[in-house]
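Asks: Can you keep this structure in mind? I'll have questions shortly.
The values are calculated or read from the model by the stated rules, or taken from the named source; none is laboratory data. The structure displayed is predicted, hence computed values, not measured ones. So basically every Cβ, Gly included, is an ideal-geometry build from the backbone, and we count neighbours across all protein chains shown.
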């Protein structure tokens, strides 16, 4: 092992009663194997015993040490600190009440998660009695979801809708549908089939990207939609309202809000597609208004129109036309992607489809711009 | 509910089970933990629900505790364990020579066994080393190291216990030679205060000696870390042990989508300084691969260390020579009243540790309240948060 180097850890600090959170910077020695969790433990041990953090199993099995490192949701216990640059920022999860420093209250998370009706551990099948020769697929397992909350922290919809059921709970609901094990799949389907349920998801897929155990909540939500849209009609279940059991507020909620909808930093391609879709959508609305304004010129007679046509042939205007074409193409093609992915048909290919959409957009854009330039000259 | 109030120091498996036990006996309980609950040794253990077979030959007392608790826990915490059983595999003639002692030890301590031929074992677990001679099936199981103690805490909380994570004990409150409470620092609100108690229980695991010193008494606890390595992939469904005298890297526990190889054993002075020596990681890979060859190429997910709170002399060399059983100390014997320490044991035996400790506690308080934790089914872990 090489000799330790030093990293500056910029740590989010907040205690109840503080007017606002702030950051403290600690210098910590780091070897190639040092994890973010080990560094935080060392800070608490050697520099500041008041630093609050959560941890338990130290091997990505319990889901307790979820936090954000340089803006990305991770489990601190399996996140190496080396090779991240000289300053690393550590913050608590978002979209959850903040108890203090890096600790959030998991109460609201569990309040929704347990409503999904998923048995917390798979039904049992004793090996001693069954002795199956090919038993390896059939034996008892713990569920793969670690209940760490990373997916909820990163979700742009959870950032704006406090009643949103969220990726973890809906992934749990999908498991009830897939593998009921004595539970009622119709109830799970009725529960997600609502305003704050699976239809609210905007398919940014960051939940699946940050999931430390490959649960793929985004794909689960798409699968729920597919089942609801195309599957056997579910028998009318009890009216499923989005409710959060009344829990006493434990701290500031730190919901990210609309900022999450336009900020793709540190995110994967699904999130970039989500943000680009929103930006191009907004731009097209602005264009529509502009277009109506231009059409108004027609009413002023041929002279005004000719004047406009001259303007429209200027290089600046042509560049804006190119930008418009990009917006139309991307928004339209990505709309097709969203439809395919959102109804579950291609949820597992959402990344590939994004690149296909981008490539097709650029090819058509090039062709369009070439035609435009040719028409002008 | 009686008027008596007991403060428990330590939010690990022992403190959690004790909070549950005392609450059921009608005692008011406040549990304080300096960090998050289960953040010390408890959360970091192997995730093995012991059958006791590992200790059947050399440590029969611990083996008996394990098998009894194994059966009780399956009853009171359904859903917390995989009923996947364990295999002890013999790979060498030396291992085979241990077979008779092993079977005798299991029979004497009440651990059910079933001997499997090489072919039978490979049919159950195709990834085992094909050179194995035979295997013995025992009722080991996979458990979730954090969520079982959370169930004790959840049930205790719903029965009225107060659980305070991020509250560090900074000293004890004395009335003469009697401990009458604890001084705590609340790391969330940054304030210091005292909690009065009729009795204080030190359940701080490897930190028990540190806490005992606040009372001016001594507890023979040896913090004995072990390295564990989690690799990606679930290479077996059963818990795999080597059929030999307990040693390094001879247990592989499948846990969700991982396989956890452990452990090594040495002794340290300060359980807050736990290194993960590179050579121990290599040793885990090497020893694990002797039983399951595919482990040699499995990518590593994490390597970590946890400090066992073993009861024994500080002259211990590696910790392997010390029993895995537990011990309750009534410090009245050293002239300090109102202060009890519980150390040693295993996650599997946390409930019986709590029962024996609570028996002493209620006796000292003059209460007549029998233990009920053998029957009461625990709430799910999620109830701890909601």
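Asks: Looking at (1) crowded, with 23+ Cβ neighbours inside 10 Å; (2) free of Cβ contacts under 8 Å to residues at least 12 places away in the same chain, can you tell me which one residue B:289 breaks?
Replies: Only one criterion in (1) crowded, with 23+ Cβ neighbours inside 10 Å; (2) free of Cβ contacts under 8 Å to residues at least 12 places away in the same chain is unmet by residue B:289, namely (1).
Asks: Then there's this: Looking at the stretch B:73-86, can you tell me whether even one residue there is within 30 Å of residue B:3 (Cβ to Cβ) and buried (at least 22 other Cβ atoms within 10 Å of the Cβ)?
Replies: No - not one qualifying residue is present in the stretch B:73-86.
Asks: Which number in (1) in contact with a strand residue (DSSP E or B) (Cβ under 7 Å, 6 or more places away or on another chain); (2) farther than 18 Å from residue B:13 by Cβ marks the one condition that residue B:361 misses?
Replies: (2)
Asks: Just to confirm my filter: which strands (runs of 3 or more DSSP E) fall fully inside the stretch B:147-191 and include at least 3 residues that are more than 19 Å from residue A:105 (Cα to Cα)?
Replies: Strands (runs of 3 or more DSSP E) meeting the threshold: B:167-175, B:178-186.
Asks: Another question, if that's okay. Looking at A:111, A:96, A:116, A:60, which one is within 10 Å of chain B (Cβ to nearest Cβ) and within 24 Å of residue A:160 (Cα to Cα)?
Replies: It is A:111.
Asks: Within the stretch A:177-191, identify whether any single residue is closer than 28 Å to residue A:76 by Cβ and touching a residue at least 12 places away in the same chain (Cβ under 8 Å), and answer yes or no.
Replies: No, the stretch A:177-191 contains no residue that is closer than 28 Å to residue A:76 by Cβ and touching a residue at least 12 places away in the same chain (Cβ under 8 Å).
Asks: Taking residue B:350, is it within 18 Å of the chain's Cα centre (by Cα), under 30 Å from residue A:113 (Cα atoms) and at pLDDT 95 or above?
Replies: Yes, satisfied.
Residues checked against (1) away from chain A (no Cβ under 14 Å); (2) surrounded by fewer than 16 Cβ atoms within 10 Å (Cβ to Cβ); (3) modelled with pLDDT of 95 or more:
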{"position": "B:285", "(1), (2), (3)": "yes, no, yes"}
{"position": "B:298", "(1), (2), (3)": "no, no, yes"}
{"position": "B:302", "(1), (2), (3)": "no, no, yes"}
{"position": "B:305", "(1), (2), (3)": "no, no, yes"}
{"position": "B:313", "(1), (2), (3)": "yes, yes, no"}
{"position": "B:322", "(1), (2), (3)": "yes, no, no"}
{"position": "B:328", "(1), (2), (3)": "yes, no, yes"}
{"position": "B:336", "(1), (2), (3)": "yes, no, yes"}
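Asks: Here is a further query. Go through the stretch A:77-90 residue by residue and tally those that are more than 11 Å from chain B (Cβ to nearest Cβ) and buried (at least 23 other Cβ atoms within 10 Å of the Cβ).
Replies: Residues that pass the stated criteria total 2.
Asks: Another question, then. Looking at B:268, B:260 in this structure, which one is modelled with pLDDT of 90 or more and within 12 Å of another protein chain (Cβ to nearest Cβ)?
Replies: Checking each option against the conditions leaves just B:260.
Asks: Of the residues that sit in the stretch B:215-232 and are within 30 Å of residue B:341 (Cα to Cα) and in a strand (DSSP E or B), which one is nearest to the other protein chains (Cβ to nearest Cβ)?
Replies: B:228
Asks: Additional query: Quick check on the stretch B:195-202. Is at least one of its residues out of contact with any helix residue (DSSP H, G or I) (no Cβ under 8 Å at 6 or more places or on another chain), within 14 Å of another protein chain (Cβ to nearest Cβ) and either over 23 Å from residue B:326 (Cα atoms) or modelled with pLDDT of 95 or more (or both)?
Replies: Scanning the stretch B:195-202, I find no residue that is out of contact with any helix residue (DSSP H, G or I) (no Cβ under 8 Å at 6 or more places or on another chain), within 14 Å of another protein chain (Cβ to nearest Cβ) and either over 23 Å from residue B:326 (Cα atoms) or modelled with pLDDT of 95 or more (or both), so the answer is no.
Asks: If you check residue A:44 against the conditions, is it crowded, with 16+ Cβ neighbours inside 10 Å and touching a residue at least 24 places away in the same chain (Cβ under 8 Å)?
Replies: No: the conditions fail for residue A:44.
Asks: Here's another thing I want to ask about it. Residues in the stretch B:259-268: is at least one surrounded by fewer than 22 Cβ atoms within 10 Å (Cβ to Cβ), assigned by TED's automatic domain parsing to the domain that holds residue B:101 and over 21 Å from residue B:55 (Cβ atoms)?
Replies: Checked the stretch B:259-268: at least one residue is surrounded by fewer than 22 Cβ atoms within 10 Å (Cβ to Cβ), assigned by TED's automatic domain parsing to the domain that holds residue B:101 and over 21 Å from residue B:55 (Cβ atoms).
Asks: Here are the criteria: (1) away from chain B (no Cβ under 14 Å); (2) in contact (Cβ under 8 Å) with a residue 60 or more places away in the chain. Tell me which single one residue A:15 does not satisfy.
Replies: (1)
Asks: Being within 12 Å of chain A (Cβ to nearest Cβ), closer than 28 Å to residue A:61 by Cβ and assigned to a helix (DSSP H, G or I) is the requirement here; does residue B:79 meet it?
Replies: The answer is no for residue B:79.
For every residue, the table says whether it meets (1) in contact (Cβ under 8 Å) with a residue 40 or more places away in the chain; (2) farther than 27 Å from residue A:168 by Cβ; (3) more than 9 Å from chain B (Cβ to nearest Cβ); (4) surrounded by fewer than 22 Cβ atoms within 10 Å (Cβ to Cβ).
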residue	(1), (2), (3), (4)
A:20	no, yes, yes, yes
A:30	yes, yes, yes, no
A:53	yes, no, no, no
A:56	no, no, no, no
A:68	yes, no, yes, no
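Asks: Given A:339, A:356, A:371, A:345, which one is out of contact with any helix residue (DSSP H, G or I) (no Cβ under 6 Å at 6 or more places or on another chain), surrounded by fewer than 19 Cβ atoms within 10 Å (Cβ to Cβ) and touching a residue at least 60 places away in the same chain (Cβ under 8 Å)?
Replies: Only one candidate passes the filter, namely A:345.
Each row is one residue, and each column tells you yes or no for (1) within 14 Å of chain A (Cβ to nearest Cβ); (2) within 18 Å of the chain's Cα centre (by Cα); (3) in a helix (DSSP H, G or I).
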| residue | (1), (2), (3) |
| --- | --- |
| B:213 | no, no, yes |
| B:234 | yes, no, no |
| B:237 | yes, no, no |
| B:244 | no, no, no |
| B:281 | yes, no, yes |
| B:289 | no, no, yes |
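Asks: For the stretch B:104-141, name all the residues that are in a helix (DSSP H, G or I) and either farther than 26 Å from residue B:346 by Cβ or in contact with a strand residue (DSSP E or B) (Cβ under 8 Å, 6 or more places away or on another chain) (or both).
Replies: B:106, B:118, B:119, B:120, B:121, B:122, B:123, B:124
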